[in-house]
Amino acid sequence: MSERKIAILGASGVVGRALLELLAGAGERVIGLSRREPADLNATFVPLDLRDQDTCLDRARSELADVTHLVYTALYEKPGLIAGWHEADQMETN
């Protein structure tokens, strides 16, 4: 088993889920973080909304203290793939 512990933010998205499966399949210790729990997850899951700063800090102190690597694949997206990117709050969040 690897000495690394990898946290993947955005684990329910396309990229995050694929990476999580790849790393877990290679024997890495992986934690998936996202607002929604991915189905059939073969790793530890921590529910987390990155827009909630207080909860993020609490989880970082309690459940993520021994993480050695962090991969950010999260994306906050409003409806309308292109139109949403013209809104200031979406740009600030991402």
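Among the conditions (1) of a type in the set (A, V, I, L, M); (2) surrounded by fewer than 17 Cβ atoms within 10 Å (Cβ to Cβ); (3) not in a loop (DSSP other than H, G, I, E, B), Leu33 misses just one, which is (2).
Consider the stretch 1-23. How many of its residues are surrounded by fewer than 19 Cβ atoms within 10 Å (Cβ to Cβ) and not in a loop (DSSP other than H, G, I, E, B)? Here the count works out to 6. Restricting attention to the stretch 36-46, the residues that are buried (at least 17 other Cβ atoms within 10 Å of the Cβ) and of a type in the set (Ser, Thr, Tyr) add up to 0. Just wondering, is there one or more residues in the stretch 58-73 that are in a loop (DSSP other than H, G, I, E, B), modelled with pLDDT under 85, exposed (fewer than 11 other Cβ atoms within 10 Å of the Cβ) and not charged (D, E, K, R)? No, the stretch 58-73 contains no residue that is in a loop (DSSP other than H, G, I, E, B), modelled with pLDDT under 85, exposed (fewer than 11 other Cβ atoms within 10 Å of the Cβ) and not charged (D, E, K, R). Taking the stretch 37-57 as the range and being assigned to a loop (DSSP other than H, G, I, E, B) and hydrophobic (A, V, I, L, M, F, W, C) as the test, the residues that pass are Ala39, Leu41, Ala43, Leu48, Leu50. For beta carbons closer than 7 Å, sequence separation of 6+ or different chains, a first residue in the stretch 17-33 that is without any contact (Cβ under 8 Å) to a residue 60 or more places away in the chain and a second that is crowded, with 21+ Cβ neighbours inside 10 Å and part of a loop (DSSP other than H, G, I, E, B), the qualifying pairs are Arg17/Ala11; Leu20/Ala11; Gly32/Ala11; Leu33/Ala11; Leu33/Leu48.
Per-residue answers, yes or no, for (1) closer than 14 Å to Arg59 by Cβ; (2) modelled with pLDDT of 90 or more; (3) aromatic (Phe, Trp, Tyr):
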| site | (1), (2), (3) |
| --- | --- |
| Ser2 | no, no, no |
| Ile6 | no, yes, no |
| Leu9 | yes, yes, no |
| Leu19 | no, yes, no |
| Leu23 | no, yes, no |
| Val30 | no, yes, no |
| Leu33 | yes, yes, no |
| Asp40 | no, no, no |
| Phe45 | yes, yes, yes |
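The values are calculated or read from the model by the stated rules, or taken from the named source; none is laboratory data. Worth saying up front: this structure is predicted, and the values here are computed from it rather than measured. Reconstructed Cβ throughout: ideal geometry from the backbone, glycine too, with neighbour counts over all protein chains shown.
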